[in-house]
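Only one structure is covered here, and it is reproduced in the block below.
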Amino acid sequence: MNPLLLIRYGEIALKGKNRPFFENKLLQNIKESLKGLEPFQVSFRRGRYYVKIDGENLFSAQRRLQQVFGIVSISPVFPAKLDLEEICRQALKLLKDSYKPGTTFKINTRRANKNFPYTSPEINNLAGAYLLKSNLELKVDVHNPEIIINIDIRDKEAYLYSQSLPGPGGLPVGVTGKGLLLLSGGIDSPVAGWMALKRGIDIEALHFHSPPFTGDSALNKVVDLCHLLAAYSREITLHLAPFTKVQKEIRLKCPESILITLMRRVMFRVAERLAVKRNIPVIFTGESLGQVASQTLENLVAINEVADLPILRPLIGFDKEDIINIARKINSFPISVRPFDDCCTLFIPRHPVTRPALEELKKAEENIPLEELIAYCLDNIETKHIRPGC
């Protein structure tokens with residue numbers, strides 16, 4: 001018999017009267033993540049999801065579900081009739097899958113069905129005794145066992161499992177709204193996007209590229225990062241905005257020391273107008289306080305000044321090592337460190353200002369056709385819809 005996949009959530013249990021909304025969204029996201037692995041069935045009972053799927057697709061289903069936000073753990077479970085003898089036989093089969101002579105084990109029962117005639121401690125004792133009477137060399141260890149056989153007594157069946165795979169936790173993508181992520185090819189912004197997804201935000205991405213200064217290799221980095229993020233959200237809409245014209249104008253007509261801050265101010269103007277057009281209420285970035293010269297508190301305030309929409313920075317208090325650890329965890333790090341520059345790293349001034357005066361920035365912007373440049377970026381945006389591995 002093929003096992004079912006038992007899926008557990010965590011934080012959703014705390015949502016009170018709104019809990020059904022979160023549960024239904026997670027159910028929808030689970031089904032979406034399994035597309036292409038048909039036939040499968042997903043059911044929901046008493047705060048648990050169960051996936052029935054062909055054995056040949058079991059491993060692929062587990063991997064995909066480990067990237068569905070809202071899931072805290074997944075277990076392959078083996079059903080048994082509500083009969084103690086049948087439950088014990090299934091426990092023995094399950095234990096044999098990981099058995100070696102001298103294996104230590106523990107039985108852990110959860111009896112949600114109070115009509116079952118045995119209590120949880122009684123099931124633990126009786127099933128444990130059944131296993132010890134087998135011809136296997138086994139020992140009971142209730143403190144540090146090598147194998148834990150979990151028995152879940154439900155309304156119509158019992159479910160047994162010994163393995164628990166971690167999920168990403170968080171909230172189902174889509175339950176908290178939409179955000180526009182400023183996505184470079186670096187380490188930080190994809191981590192910020194992943195963290196936004198984890199809090200239930202459905203993100204679109206905006207990337208500024210500068211041909212011919214940045215080539216196809218730099219652009220491919222960003223597309224590959226979107227493929228990776230799409231594994232957690234099923235699709236990422238990527239907007240590619242040409243930025244060469246803006247950079248040339250600023251470099252020719254503005255002081256070099258405030259070059260990056262001025263470019264960032266244009267980027268955020270473009271981002272806000274795109275977000276409004278797309279009905280997106282918030283902007284996400286990968287900025288971390290003090291990490292580089294353009295991310296001082298004064299520079300961040302100067303950048304914020306051009307936008308009315310909220311600008312959220314999930315990494316604001318992280319140091320670089322914190323961010324790299326998450327990037328390695330989600331496998332974005334190898335993509336981000338490919339040696340291809342983004343549009344900002346190409347134009348870093350020798351001595352950037354860390355505490356720019358707002359009036360100086362505004363005066364410098366009078367030297368460039370600001371509205372014309374913003375319109376040019378928006379009018380020439382290319383949009384791609386990127387799915388996992390596509």
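None of the figures in this text is laboratory data; all of them are computed from the coordinates on show. Model, not experiment: these values are computed from the prediction. Cβ sites come from the backbone with ideal geometry, for glycine too, and all protein chains shown count toward neighbours.
For the chain, what is the calculated [θ] at 222 nm in deg cm²/dmol (nearest 500), taking -39500 (n - 2.57) for each run of four or more DSSP H residues and dividing by its residue count? Write down the numbers at each step before the final one.
Details: 13 runs with 147 residues, N = 390.
One gets -11500 deg cm²/dmol as the mean residue ellipticity at 222 nm.
Between 0 and 90 degrees, the angle of helix 259-277 with respect to the longest Cα principal axis of the chain falls at about 60 degrees.
If you look for lysine pairs in region 86-183 that are eight or more places apart or on different chains, how many of them have Cα atoms under 23 Å apart? The result is 13. Arranged from fewest to most other beta-carbon atoms within 10 Å of their beta carbon, Arg328, Arg199, Arg265 become Arg328, Arg199, Arg265.
Applying 1/(1 + (r/R0)^6) with R0 = 41 Å to the Cβ-Cβ distance of Asn367 and Glu32, what FRET efficiency is obtained, to the nearest 0.05? Can you show the working numbers first?
Values: r = 49 Å, r/R0 = 1.20.
Plugging the Cβ-Cβ distance into 1/(1 + (r/R0)^6) gives 0.25.
Cα extents for region 62-144 along the principal axes, largest to smallest and rounded to whole angstrom: 42, 36, 24.
In plain terms, the bigger the Kirkwood radius, the slower the diffusion; for region 178-386, with that radius from Cα pairs, at 10 °C and 1.306 mPa s, Stokes-Einstein puts D at 93 µm²/s. With neighbours defined as other Cβ atoms within 10 Å of a residue's Cβ, the residues Thr103, Thr383 order from fewest to most as Thr383, Thr103. Does anyone have the angle between helix 19-33 and the longest principal axis of the chain? Alpha-carbon axes, 0 to 90°, nearest 10? Value to nearest ten degrees: 90.
Go through 60-72, 355-367 and give me the packing order, highest mean Cβ count within 10 Å leading. Write out the running numbers ahead of the final one.
Working: 60-72: 19.9, 355-367: 14.5.
Ranked by mean Cβ neighbours within 10 Å, highest first: 60-72, 355-367.
Scanning residues 5 or more positions from Lys178 or on other chains, those with amide H under 5 Å from its amide H are Asp202, with H placed 1.01 Å from N in the peptide plane. For region 294-317 versus region 164-191, the spacing of their alpha-carbon centroids is 19 Å.
What is the gain in length, in nm to one decimal, between Asn18 and Lys52 on full extension, counting 0.36 nm per residue of separation less the C-alpha to C-alpha distance? Mind showing how you got there, number by number?
Numbers: separation 34, 0.36 × 34 = 12.24 nm, distance 2.71 nm.
Additional length available on full extension: 9.5 nm.
Other residues whose C-beta falls under 15 angstrom from the C-beta of Lys156 contribute a net charge of +3, scoring Lys and Arg +1 and Asp and Glu -1. Database remark: amide H of Gly10 closer than 5 angstrom to the amide H of Val72 (H placed geometrically; neighbours at sequence offset of 5 or more, or on other chains; Pro and chain starts carry no H).
For Lys253, a cut-off of 23 angstrom between C-alpha atoms picks up these lysines, skipping any fewer than 8 places away in its own chain: Lys245, Lys362, Lys363. Across all Cα pairs in the chain, the calculated P(r) in 20 Å bins from zero up to the longest distance comes to 25, 43, 23, 9, 0 percent per bin. For the chain, the longest principal axis of the alpha carbon atoms and the long axis of helix 188-198 meet at an angle near 50°.
In summary, the aspartates and glutamates within cross-link reach of Lys277, defined as a Cα separation below 15 angstrom excluding same-chain residues under 8 places away, comprise Glu204, Asp308, Asp379, Glu382.
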